[in-house]
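Here the structure is laid out as structure tokens; the discussion comes afterwards.
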Amino acid sequence: MNHNAIVAIYQYEMARFFRTLLQSFISPVVSTSLYFVVFGAAIGSRIEEVEGVSYGAFIVPGLIMLSVMQQATSNASFGIYFPKFIGTIYEHLSAPIDFLEITIGYVGAAATKALFIGVVILITAGFFVDLQIQNWPAMIAFLILTCISFSLLGFIIGIWAKNFEQLQLIPLLVITPLVFLGGSFYSISMLPPAWQTVAYFNPVVYLVSGFRWSFFGMSDVPVLISLGAIAGFTALGLAVVAWIFRTGWRLRQ
């Protein structure tokens, strides 16, 4: 394992993040505040509690998942796409490092950025609602696995994309709708039976449900299934990345 290569890639990506730290810090705080104003005040006045939890607190795990998934995907996709765009990706491919070291560097940096945003949103939420976390180890595990898995997804998108428009296509048209329809701001049990069945085909449901369980001890699906889903998603992402580097798909063109 070439640790120097991993550290070099990781530090380069993190340096780019810290150059825009103020923007990266303020944006999630403002967005979270707006969500609490819109959903917490407008909808919360009509839905005071969901399964014994105040609506303002109930949406916190969904807000964190929404931002973490978006940030992890966008940071990882741009991180690997830009070297493709300017041609420096060939330096990585010709250097004495393998795909795993490249992946750890880029995905690790993107996951760290998303984790930072998640913590910022969690702290911000504490100013709006009385938030209690019942299972800290489970919350941290779900948060880290989500950061890693969606960073892997973003890494794949960055390799697949041929231009900046494609880079934003999947996050905007796929990930964001899945998060909004994945029980981020409501419980799946509130849906009609037919729509509940449809919702269970949405993979984000399992991530949000497991993450919410770590806060309140309540979930729409069994927590072990949620944990298995996020672990399987992570393993699938690693397998796809390994295949990409083995075949050179979209890398050597």
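The values are calculated or read from the model by the stated rules, or taken from the named source; none is laboratory data. Only a predicted model underlies this, so the values are computations on that prediction, with no experimental measurement involved. Cβ coordinates were reconstructed from backbone atoms using ideal geometry, including for glycine residues, and neighbour counts include every protein chain displayed.
Observations on the model:
- Note on segment 85-103: residues that are in a helix (DSSP H, G or I) and surrounded by fewer than 18 Cβ atoms within 10 Å (Cβ to Cβ) amount to 8.
- Neighbours by Cβ (under 6 Å, 6+ apart or cross-chain): first from segment 137-151, at negative phi; second modelled with pLDDT under 95 and outside any helix (DSSP H, G or I): 139/133
- In segment 230-252, the residues that are free of Cβ contacts under 8 Å to residues at least 60 places away in the same chain and within 22 Å of residue 139 (Cβ to Cβ) never reach a residue that is outside any helix (DSSP H, G or I) and acidic (Asp, Glu) with C-beta atoms less than 8 angstrom apart, at least six apart or across chains.
- Segment 147-192, residues that are β-branched (Val, Ile, Thr) and more than 11 Å from residue 73 (Cβ to Cβ): 148, 159, 188
- If the condition is being closer than 18 Å to residue 54 by Cα and polar (S, T, N, Q), then segment 14-41 contributes 32, 33.
- Enumeration of residues in segment 131-155 that are of a type outside the set (S, T, N, Q), within 17 Å of residue 70 (Cβ to Cβ) and either touching a Ser or Thr at 6+ places or on another chain (Cβ under 7 Å) or buried (at least 24 other Cβ atoms within 10 Å of the Cβ) (or both): 142, 145, 147, 148, 150, 152, 153, 154, 155
- Qualifying residues in segment 200-220 (those that are free of Cβ contacts under 8 Å to residues at least 24 places away in the same chain and surrounded by fewer than 20 Cβ atoms within 10 Å (Cβ to Cβ)) - the one farthest from residue 47 (Cα to Cα): 201
- Residue count, segment 135-186 (criterion: part of a helix (DSSP H, G or I) and under 27 Å from residue 102 (Cβ atoms)): 32
- Looking at segment 187-253, the helices (runs of 4 or more DSSP H) lying wholly inside it that each contain 2 or more residues that are of a type in the set (Phe, Trp, Tyr) sit at 203-216, 223-247.
- Within segment 108-130, the set of residues being without any contact (Cβ under 8 Å) to a residue 24 or more places away in the chain and more than 17 Å from the chain's Cα centre (by Cα) comprises 123, 126, 127.
- Annotation note: Cβ proximity below 8 Å between a residue of segment 90-107 that is of a type in the set (Val, Ile, Thr) and a residue that is outside any helix (DSSP H, G or I) (sequence gap 6+ or interchain) occurs for 97/2.
- Total residues in segment 189-213, condition β-branched (Val, Ile, Thr) and closer than 20 Å to residue 135 by Cβ: 2
For every residue, the table says whether it meets (1) in contact with a Gly (Cβ under 9 Å, 6 or more places away or on another chain); (2) modelled with pLDDT of 90 or more.
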{"position": "124", "(1), (2)": "no, no"}
{"position": "128", "(1), (2)": "yes, no"}
{"position": "160", "(1), (2)": "no, yes"}
{"position": "164", "(1), (2)": "no, no"}
{"position": "167", "(1), (2)": "yes, no"}
{"position": "202", "(1), (2)": "yes, yes"}
{"position": "228", "(1), (2)": "no, yes"}
{"position": "231", "(1), (2)": "no, yes"}
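- Residues in segment 7-60 that are hydroxyl-bearing (Ser, Thr, Tyr), touching a helix residue (DSSP H, G or I) at 6+ places or on another chain (Cβ under 8 Å) and more than 27 Å from residue 88 (Cβ to Cβ): 31, 32, 33, 35, 55.
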